[in-house]
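Asker: Here it is, the structure, as C-alpha cells.
Please treat every number below as a calculation from the coordinates, not as lab data. Bear in mind the structure is a predicted one, so any value in this text is a computation, not a measurement. Backbone-built Cβ (ideal geometry, glycine too); neighbour counts: all protein chains shown.
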Amino acid sequence: MDSQIQESSRTNEQNQQREQQPSRKQWSLHDFDIGRPLGKGKFGRVYLAREKKSKYIVALKVIFKEQIEKYRLHHQLRREMEIQSSLSHPNVLRLFGWFHDGERIFLILEYAHRGEIYRLLRKSGYLSEKQAATYIASLTQALAYCHDKHVIHRDIKPENLLLDFEGRLKIADFGWSVQSRSKRHTMCGTLDYLAPEMVENKAHDYAVDNWTLGVLCYEFLYGVPPFEAESQKDTFRRIMKVDLSFPPTPHVSAEAKNLISRLLVKDSSKRLSLQKIMEHPWIVKNASSMGTCSPALKQLDKILMEL
Ligand code: AMP
C-alpha cells in the first residue's frame with residue numbers, strides 16, 4: 001500500500017491497469033511529512049511533502065472547503081480530480097490520490113521540481129526556437145493523449161504548465177477541462193488564450209486546444225500573447241478578427257510563423273491537426289525527441305538560484 005505513490009516510476013501499462021482499479025489506500029495527513037510551501041493558488045496552498053513510508057516526494061495541494069462552497073465549485077473540482085487521476089502520460093502531471101478533513105481537501109500531486117514555465121518566460125523574456133518547439137511538441141503529444149480519452153483541456157496557459165526535474169513539460173490544473181464526446185457551450189478560461197468560438201460562447205470541440213497551441217507558440221517566441229490588448233474588450237475584438245501580426249525580430253524563423261498562422265485560424269475545422277503539428281518542418285527541425293532541452297535547464301537553474 002505504501003508503495004502506491006511510487007508508481008510514477010512504473011510503466012504506462014502498469015499505470016493503465018491501476019486506473020481501472022478502485023483506489024485502495026485511504027490517505028490522511030498523518031501519512032506525510034510536510035515541507036516548504038511551493039506556491040499559492042486561488043483556493044489554497046501547495047506544499048512539498050514526503051510520504052512517510054516510501055519517502056516518495058510529492059506536492060500536496062490544500063484547498064479550503066469553505067472557498068469551494070463559496071464559489072460553488074465542488075462539481076468542477078470533482079471533475080478536475082476524476083479527469084486528472086485517470087490520465088497517465090509523461091507530459092501530464094499525475095494526481096495520485098486525494099483525501100479530506102473537516103475544513104480542507106488535499107490533492108496528492110506529482111512534484112514538478114522546476115516549477116512554472118511562466119516564471120521562465122517572464123525572466124528570460126522569450127524562449128529559443130529549440131525550447132519553444134520542444135515544449136509545443138510535448139504539449140501536442142499530451143493533448144493527443146487527452147483528446148483520445150475525450151478530454152478537452154480548454155485552459156492551457158503558461159501558468160498551468162510545470163517542469164519536472166529533467167525539464168520535461170507537465171500539464172497541470174484540469175480545472176476547466178471536460179470529458180466530452182459532443183460539442184460544448186460553456187465559456188471558461190482566460191481570454192488571451194481562448195479560441196474565437198469560446199470567446200463568442202459558441203459550441204466548441206477539441207480544436208480549441210489546437211488554437212491555444214498557436215497562442216502559446218507565439219507567446220513562447222515573442223514573450224507576449226498574440227492578441228494582448230489594454231482591455232478585455234479589445235482582446236475580444238482582436239481574437240474575433242484574428243488580428244495577428246509578427247513583430248520584426250530576427251530570432252523567429254519563417255517556419256515558426258507558418259506554424260502559428262496555421263493554428264490561429266478562425267474556422268476550427270481548418271486548424272492544423274495535432275498529427276500535422278508533429279510533422280510540421282519547424283517542429284521536426286527544432287523539437288528535442290527527449291522532451292527536454294539542456295540550455296533551457298541551465299537557464300532555469302540560474303533563475304531558481306536567483307529567487
Ligand atoms: P495552483 O493552486 O495549482 O495554482 O498552484 C499554486 C502554485 O504552486 C503554482 O503556481 C506552482 O508554482 C506551485 N505548484 C503547484 N503544483 C505544483 C507541483 N505539482 N509541483 C511543484 N509546484 C507546484
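Asker: Quick check: net charge around ASP164, other residues with Cβ under 11 Å of its Cβ, Lys/Arg +1 and Asp/Glu -1?
Answerer: In short, +2.
Asker: Something else: So which chymotrypsin sites (Phe, Trp or Tyr not before Pro) in the range 58-110 pass both tests, a DSSP loop state and at most 15 other Cβ atoms within 10 Å of the Cβ?
Answerer: On the way: sites: PHE64, TYR71, PHE96, TRP98, PHE99, PHE106; in loops: TYR71.
Listed in order of number, the matching sites are TYR71.
Asker: Across the range 211-217, in residue order, what do the Karplus-derived ³J(HN,Hα) couplings come to in whole Hz, using 6.51 cos²θ - 1.76 cosθ + 1.60 with θ = phi - 60° and x for Gly and Pro?
Answerer: Along the range 211-217, the couplings run 4, 4, 4, x, 4, 5, 4 Hz.
Asker: Further, regarding this structure: What does the charge add up to near PRO226, with Lys and Arg as +1, Asp and Glu as -1, over the other residues with Cβ less than 14 Å from its Cβ? Display every interim value, and only then the final one.
Answerer: On the way: positive: LYS157, ARG237, ARG238, LYS241, LYS257, ARG262, LYS266; negative: ASP192, GLU219, GLU228, ASP234, ASP243.
Local net charge: +2.
Asker: Also, quick follow-up: If you average the C-alpha positions of the range 204-227 and of the range 92-110 separately, how far apart do those two centres end up, in angstrom?
Answerer: Value for the Cα centre distance between the two parts: 29 Å.
Asker: Follow-up question, since we're still on this one. Answer rounded, prolate or oblate for the range 56-109, using the Cα gyration tensor with square roots of eigenvalues a ≥ b ≥ c: rounded when a/c is under 1.5, else prolate when a/b is larger than b/c, else oblate.
Answerer: oblate
Asker: If the limit is 21 Å between Cα atoms, which of LYS202/LYS233; LYS61/LYS123; LYS65/LYS170; LYS61/LYS130 go over it?
Answerer: The pairs that break the limit, which is 21 Å between Cα atoms, are LYS61/LYS123; LYS65/LYS170; LYS61/LYS130.
Asker: Output wanted: per-residue J couplings in Hz (rounded whole) for the range 252-262, from phi through Karplus 6.51 cos²θ - 1.76 cosθ + 1.60, θ = phi - 60°, x for Gly and Pro.
Answerer: 10, 7, 4, 5, 5, 5, 4, 4, 4, 5, 8
Asker: Using the Karplus curve 6.51 cos²θ - 1.76 cosθ + 1.60 with θ = phi - 60°, what ³J(HN,Hα) values do you get for each residue of the range 28-42, in whole Hz, with x for Gly and Pro?
Answerer: With the stated coefficients, the range 28-42 comes to 8, 4, 5, 7, 10, 8, 9, x, 6, x, 9, x, 10, x, 5 Hz.
Asker: I need LEU121, LEU127 ordered by Cβ neighbour count within 10 Å, fewest first.
Answerer: So the residues, fewest neighbours to most, are LEU121, LEU127.
Asker: Treating cross-link reach as a plain straight distance, find the aspartates and glutamates whose alpha-carbon is under 16 Å from the alpha-carbon of LYS149, omitting any fewer than eight places away in the same chain.
Answerer: List returned: GLU13, GLU19, GLU80, GLU82, ASP205, ASP209.
Asker: While we're looking at this one, here's another question. Restricting to Cα pairs below 8 Å that are 6+ residues apart, what does the relative contact order work out to for the range 207-283? Please round to a whole percent.
Answerer: Computed value for the range 207-283: 39 percent relative contact order.
Asker: Once the other residues with Cβ under 14 Å from the Cβ of ARG271 are scored (Lys, Arg +1; Asp, Glu -1), what is the net sum? Walk me through the numbers on the way to the answer.
Answerer: Numbers: positive: ARG262, LYS266, LYS270, LYS276; negative: GLU197, ASP205, ASP209, ASP267.
Counting the neighbours of ARG271, the net charge comes to 0.
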